[in-house]
Amino acid sequence: MEEEADIRVLDVAKALAFIGDLSMGQPTDHSVRTAWLAAQVAADAGYGTNQCDVVKHVSLLRWSGCTANAHGFAELIGDDVAGREAMLARRPDSPVAAVFARGEGASISGLAQIHCEVSGEIARMLALDHDTEVALRNIFENRDGSGFPNHVAGDGVPQAVSTVSLAGDLEILSRVYGLDAALTLLTKDAGSRYPAELVDLVAKRGRQWHEALEHEADHDFDGFLTTDRTQQLTSPELIADVIDLKLPWMTQYSRRVAQACARCCAALGVAASTQRLVYRAGLIHGMGRTSVSNSVWNTSGKLSAAAWEKIRLVPYWTQRAGKNIAALEPEAAIASFAYERLDGSGYFRSASGREISLEARVLSTAVAWIALRSPRPWRAALSFEEAAHTLTKEAQAGRFDADVVVAMTSSEHAASVRAPDRVKRATLSEREVDVLRHISQGASNKEVARTLGISMSTVGTHVEKVFRKLECSTRAAATLKASAMGLL
């Protein structure tokens with residue numbers, strides 16, 4: 001199915017904020033509340049209309065790069081979600097604090113670079129203003145030059161960065177420790193993390209803003225968040241690509257699920273409008289996945305009871321996304337059935353039979369089909385015949401709809417034998433695309449060299465050329481851009 005610019009930039013930004021909040025261990029309204037607080041700071045500080053808009057954009061997209069470095073955080077600290085939550089709460093025993101105590105701050109700087117490059121690229125893809133992109137590329141910089149990744153200082157730190165960082169910390173610290181303790185902590189950082197004049201504003205008005213925000217908690221923030229830029233239309237595929245950055249071995253997974261849904265719906269003869277709805281449900285079905293640490297997803301053996309409970313909540317969080325983002329509510333409702341089974345053995349509802357609509361049956365079948373056909377760290381991808389046999393047995397056992405399984409396998413077979421489309425390669429050579437495809441899935445240069453039968457130095461040369469041609473410096477940013485360009 002072709003990409004269509006049929007959703008507001010605001011709704012995509014809110015979806016990415018929801019994903020980011022889950023990834024950082026925050027309540028799912030954290031970024032929206034931060035935007036409200038940051039806007040109060042900006043207004044009282046006398047910012048112009050354009051800068052006030054930038055503050056809103058940056059607040060929503062501040063964590064949009066955090067799926068891109070989740071893999072690195074998991075390798076460094078174990079639980080990437082809980083570890084980053086502890087970091088934001090400034091807990092002295094947080095695993096990130098321990099990294100700095102060991103003198104390994106350079107590792108954090110590298111992860112910050114990934115985050116900043118990806119979030120800046122997202123702003124560019126959404127056609128937001130240049131100031132928003134610049135701010136996101138510097139989102140972890142501090143006033144005194146102690147930030148990451150480039151140690152920018154003073155007026156070199158974009159105005160929106162200081163404003164959003166201060167507002168975000170106020171939201172988190174007041175929630176964790178109470179408002180008085182939060183104001184004390186922020187005051188201590190005046191002139192270092194944040195400009196002193198902004199901290200003075202928060203000290204004077206913070207209590208009033210905090211009370212007003214609590215009063216506004218149940219209100220719709222859309223009108224407040226809307227800017228001229230966020231009223232423009234874009235396509236929803238970016239949501240899928242950002243979700244899939246969390247796990248390198250999930251690259252393109254959500255797009256492939258969505259495409260399988262569309263083909264299956266066409267084979268079943270459902271209306272074009274329904275095909276589009278299920279396609280978009282496929283794109284966003286993994287939003288809740290970002291709530292679970294990579295250390296859990298990478299487990300090859302039996303999961304603990306605690307880990308399994310977290311996974312059972314994945315589709316619940318996807319459903320919650322629809323409650324937060326009205327434009328995606330129909331899709332999120334379908335997407336929340338991605339792991340239900342007709343016999344009631346699925347999750348999170350344990351729905352069964354007629355409780356599961358045709359649209360949901362198509363999606364759950366597509367999710368299982370693409371998973372079976374995809375490699376995982378603990379197993380190889382199943383062949384077409386093996387995957388079809390597995391799904392057919394599941395249907396015979398009453399877990400999948402037999403008619404949907406037939407439509408899925410027949411439509412996927414037709415797609416596999418159809419002549420492949422000639423995708424636009426930009427200026428990348430075929431070999432560069434091969435290398436890019438492998439590194440996007442988490443392969444090291446050594447693994448790529450072994451797979452493609454070339455030397456490690458040759459792989460390194462190809463990676464450098466890919467980065468130069470795609471105008472990026474990290475694998476995550478290259479993956480995101482390549483997905484949008486149809487290279488993967």
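Miscellaneous remarks
- Look at the range 127-156: where a residue is within 19 Å of ALA167 (Cα to Cα) and a partner is among the charged types (D, E, K, R) and assigned to a loop (DSSP other than H, G, I, E, B), sitting 6+ places away or on another chain with Cβ atoms under 6 Å, you get ILE139/ARG62; ASN142/ARG193; GLY147/GLU141.
- Number of residues in the range 382-402 that are touching a Lys or Arg at 6+ places or on another chain (Cβ under 9 Å) and either surrounded by 14 or more Cβ atoms within 10 Å (Cβ to Cβ) or β-branched (Val, Ile, Thr) (or both): the value is 8.
- Every residue from the range 294-323 that is within 30 Å of ARG8 (Cβ to Cβ) and crowded, with 19+ Cβ neighbours inside 10 Å: VAL314, PRO315, TRP317, THR318, GLN319, ARG320, ALA321, GLY322
- Scanning the range 326-337 for residues that are over 14 Å from PHE18 (Cβ atoms), surrounded by 24 or more Cβ atoms within 10 Å (Cβ to Cβ) and touching a residue at least 40 places away in the same chain (Cβ under 8 Å) gives a single hit, ILE334.
- If you check THR49, THR67 for being surrounded by fewer than 18 Cβ atoms within 10 Å (Cβ to Cβ) and modelled with pLDDT of 95 or more, only one passes: THR49.
- Boolean, ALA203 is at pLDDT 95 or above, in the same structural domain as GLN51 (by TED's automatic domain parsing) and under 12 Å from VAL41 (Cα atoms): yes
- Cβ pairs under 7 Å, 6+ apart, first in the range 371-391 and part of a loop (DSSP other than H, G, I, E, B), second of a type in the set (A, V, I, L, M, F, W, C) and exposed (fewer than 15 other Cβ atoms within 10 Å of the Cβ): ARG373/ALA381; SER374/ALA381; PRO375/ALA381
- GLN26 being in contact (Cβ under 8 Å) with a residue 40 or more places away in the chain, assigned to a helix (DSSP H, G or I), outside the structural domain of GLN319 (by TED's automatic domain parsing) and closer than 24 Å to VAL202 by Cβ: no
- In the set (1) over 14 Å from VAL54 (Cβ atoms); (2) surrounded by 16 or more Cβ atoms within 10 Å (Cβ to Cβ); (3) modelled with pLDDT of 95 or more, ASP144 fails one condition alone, (2).
- Residue in the range 336-358 that is at pLDDT below 95, among the charged types (D, E, K, R) and farther than 23 Å from GLY269 by Cα present: no
- Lone qualifier among GLU340, GLU329 - being assigned by TED's automatic domain parsing to the domain that holds VAL242, acidic (Asp, Glu) and closer than 20 Å to ASP11 by Cα: GLU329
- SER410 surrounded by 12 or more Cβ atoms within 10 Å (Cβ to Cβ), farther than 24 Å from SER350 by Cα, at pLDDT 95 or above and not aromatic (Phe, Trp, Tyr): yes
- Residues (over 14 Å from TRP209 (Cα atoms), hydrophobic (A, V, I, L, M, F, W, C) and under 24 Å from the mean Cα position of the chain (by Cα)) located in the range 149-171: ALA160, VAL161, VAL164
- Taking the numbered list (1) of a type outside the set (S, T, N, Q); (2) in a loop (DSSP other than H, G, I, E, B); (3) buried (at least 21 other Cβ atoms within 10 Å of the Cβ) in turn, ALA260 passes all entries but (2).
- Helices (runs of 4 or more DSSP H) lying entirely in the range 421-488 (those with 1 or more residues that are surrounded by fewer than 14 Cβ atoms within 10 Å (Cβ to Cβ)): 430-440, 445-452, 456-470
The values are calculated or read from the model by the stated rules, or taken from the named source; none is laboratory data. Not measured: the values here are computed from a predicted model. Neighbour counts run over all protein chains shown; Cβ positions are idealised from the backbone, glycine included.
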